[in-house]
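To keep things clear, I will list the structure first and then write my remarks on it.
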Amino acid sequence: MSTKNTASLSLPKSKTVRGYEIKRLPLGGYLQAVEALQALPGDLLTVCFPGKDLGGILGELKELDAATLQAMIGNALLAAPTHVVAFIAKLVGIDEQIMLDDPGIGLDGAVEMLNAWVEVNNIEDFIDAARKLFGSIRAAAGSSQKPNTGFSAWFRKRSVSA
């Protein structure tokens, strides 16, 4: 019999928002959502610098002027929302096309769904626990540096007295 802490037992396993069920996500679901974001940098570069390879992109960045920057930002703003919608759709478990087409969702509904996802998946507690864990790791790494009492200290002592 597996043991569960009482906090996870009291968490809702799902929540309905605007007619869609937002469920607790298994670890694999998080990984799929992150995969949805992996294409973002490459896609943004392709959209911002159409037809350019990496060398061409670097060349344009070296010669960046206001017009190029304005075009870059405009293109990025057109491409980024598609990735954001795909990411949200993966997190909340709703088909991306439904997210885009259902007028009952809209921007406010997407935010409401994300809030439900945060609640159902206990994200706030995860962030607090991760912050504590990383703090403990940093503290342990700092405290594990012992004073230098090995060979190099012995060698320094010998070379000073010689």
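Here is a check on your reading of the model: is Phe49 among the aromatic types (Phe, Trp, Tyr), under 18 Å from Phe126 (Cβ atoms) and surrounded by 10 or more Cβ atoms within 10 Å (Cβ to Cβ)?
Values: among the aromatic types (Phe, Trp, Tyr): yes; under 18 Å from Phe126 (Cβ atoms): no; surrounded by 10 or more Cβ atoms within 10 Å (Cβ to Cβ): yes.
For Phe49, the condition - among the aromatic types (Phe, Trp, Tyr), under 18 Å from Phe126 (Cβ atoms) and surrounded by 10 or more Cβ atoms within 10 Å (Cβ to Cβ) - is not met.
Here's the yes/no breakdown for (1) under 27 Å from Val118 (Cα atoms); (2) surrounded by 12 or more Cβ atoms within 10 Å (Cβ to Cβ); (3) at pLDDT 85 or above:
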residue: Thr6; (1), (2), (3): yes, no, no
residue: Leu25; (1), (2), (3): yes, yes, yes
residue: Ala33; (1), (2), (3): yes, yes, no
residue: Leu37; (1), (2), (3): yes, yes, no
residue: Asp43; (1), (2), (3): no, yes, no
residue: Pro81; (1), (2), (3): yes, no, yes
residue: Lys90; (1), (2), (3): yes, yes, yes
residue: Ile94; (1), (2), (3): yes, yes, yes
residue: Pro103; (1), (2), (3): yes, no, yes
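Quick check on Ala129: is it closer than 19 Å to Leu27 by Cα, among the aliphatic types (A, V, I, L, M) and assigned by TED's automatic domain parsing to the domain that holds Gly28?
On the way: closer than 19 Å to Leu27 by Cα: yes; among the aliphatic types (A, V, I, L, M): yes; assigned by TED's automatic domain parsing to the domain that holds Gly28: no.
No; evaluated as a whole, the condition is false for this residue.
Does Val111 qualify as being assigned to a helix (DSSP H, G or I), of a type in the set (Val, Ile, Thr), at pLDDT 85 or above and under 20 Å from the mean Cα position of the chain (by Cα)?
For Val111, the condition - assigned to a helix (DSSP H, G or I), of a type in the set (Val, Ile, Thr), at pLDDT 85 or above and under 20 Å from the mean Cα position of the chain (by Cα) - is met.
Can you name the condition, by its number, that Ala129 falls short on among (1) under 30 Å from Lys23 (Cβ atoms); (2) loosely packed, with under 10 Cβ neighbours inside 10 Å?
The one condition Ala129 does not meet is (2).
The values are calculated or read from the model by the stated rules, or taken from the named source; none is laboratory data. Source: prediction; values computed, not measured. Positions of Cβ are backbone-derived with ideal geometry, glycine not excepted, and every protein chain shown enters the neighbour counts.
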